[in-house]
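Here the structure is laid out as structure tokens; the discussion comes afterwards.
The values are calculated or read from the model by the stated rules, or taken from the named source; none is laboratory data. None of the values given here were measured: they were computed from a predicted structure. Neighbour counts run over all protein chains shown; Cβ positions are idealised from the backbone, glycine included.
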Amino acid sequence: MRAFSIRAITFDLDDTLWAIDPVIARAELRMHDWLAEHYPRLGERYSPDDLRALREQVTHQRPELAHDLAALRIESLTLAAQTCGYGREVAEQAFAVMWQARNEVELFADALPVLTALAARVPLGGLTNGNADIVRIGLDHVLGFCVSARGVGYAKPHPAIFAAACQTAGFSAAQVLHVGDDPERDVHGARAAGMRSVWLNRDGRDWPGGPRADAEVSDLLELMQVVEDWLEPAR
């Protein structure tokens, strides 16, 4: 007999369905190349590392924007642009270039097959602190919705973003499973919101402490095996 029944599953996106560090590094370089070509004073004055440091500075200065990574990046780019005699529109254009590249991701090999199989069983959704676009990435046929920190106004691990995902899915928190790679944001956050959770530990990390997830898996293929007993029987 199943200890509980799962009616929907939410997935973290970055570092759960794809590796994010190489994506961001490539996107920032493309943005800097664009700035150097179209707004050379800015490209000459600020290296990619300089722009990254400026974004960190703005993050500390504007804690009210912590849930909105796009706004933080645009604000930091605006400061850089104004320093070089350009306007905010340059920052917005540069961010658009970066955002397009940010959505050019390479899915982990197990991601699409598992999402496709699970989507035939239960509703799936994305739940992210980032600004990935599941339509641009091409996952909207398996992820029926995506709830973001920017859209909700709160970032994981705040319970509000998990509650918004459950409301969007149309089920109570106890009926929704969250899968993610971050122990604090994904596992502890989901638990605090009353949801079940699975820790995706691709790198074999040690558990950092605190209440554990309902299960730990090393890849999404293992997730399929783990959740089988929690899902309604396939028809």
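Structural remarks
- A residue that is closer than 28 Å to Ala96 by Cα, under 20 Å from the mean Cα position of the chain (by Cα) and buried (at least 19 other Cβ atoms within 10 Å of the Cβ) can be found somewhere in the range 169-180.
- Of note, Leu54 does not satisfy the criterion of being crowded, with 18+ Cβ neighbours inside 10 Å, assigned by TED's automatic domain parsing to the domain that holds Gly189 and at pLDDT 95 or above.
- Top-ranked residue in the range 142-156 [being of a type in the set (Gly, Ala, Ser) and closer than 17 Å to His178 by Cα; ranked as surrounded by the fewest Cβ atoms within 10 Å (Cβ to Cβ)]: Gly144
- Val114 fulfils the conditions (1) surrounded by fewer than 17 Cβ atoms within 10 Å (Cβ to Cβ); (2) not acidic (Asp, Glu); (3) not in a loop (DSSP other than H, G, I, E, B) except for a single criterion, (1).
- Condition check for Arg30: of a type in the set (Lys, Arg), farther than 30 Å from Ala169 by Cα and either buried (at least 16 other Cβ atoms within 10 Å of the Cβ) or not assigned by TED's automatic domain parsing to the domain that holds Ala173 (or both): yes
- On inspection, Leu220 qualifies as buried (at least 20 other Cβ atoms within 10 Å of the Cβ) and out of contact with any strand residue (DSSP E or B) (no Cβ under 6 Å at 6 or more places or on another chain).
- Among the conditions (1) in a helix (DSSP H, G or I); (2) in contact (Cβ under 8 Å) with a residue 24 or more places away in the chain, Ala91 misses just one, which is (2).
- Leading residue by the ranking (farthest from the chain's Cα centre (by Cα)) among those in the range 131-141 that are surrounded by fewer than 20 Cβ atoms within 10 Å (Cβ to Cβ) and not charged (D, E, K, R): His141
- Screening the range 64-83 for residues that are of a type in the set (Asp, Glu) and free of Cβ contacts under 8 Å to residues at least 40 places away in the same chain and picking the one that is nearest to Trp34 (Cα to Cα) gives Glu75.
- Failed criterion for Tyr86 (all others in (1) part of a loop (DSSP other than H, G, I, E, B); (2) touching a residue at least 60 places away in the same chain (Cβ under 8 Å); (3) not assigned by TED's automatic domain parsing to the domain that holds Gly180 hold): (2)
- Subset of the range 165-195 [over 14 Å from Phe11 (Cα atoms), of a type in the set (A, V, I, L, M) and either assigned to a helix (DSSP H, G or I) or not assigned by TED's automatic domain parsing to the domain that holds Leu115 (or both)]: Ala173, Ala174, Ala192
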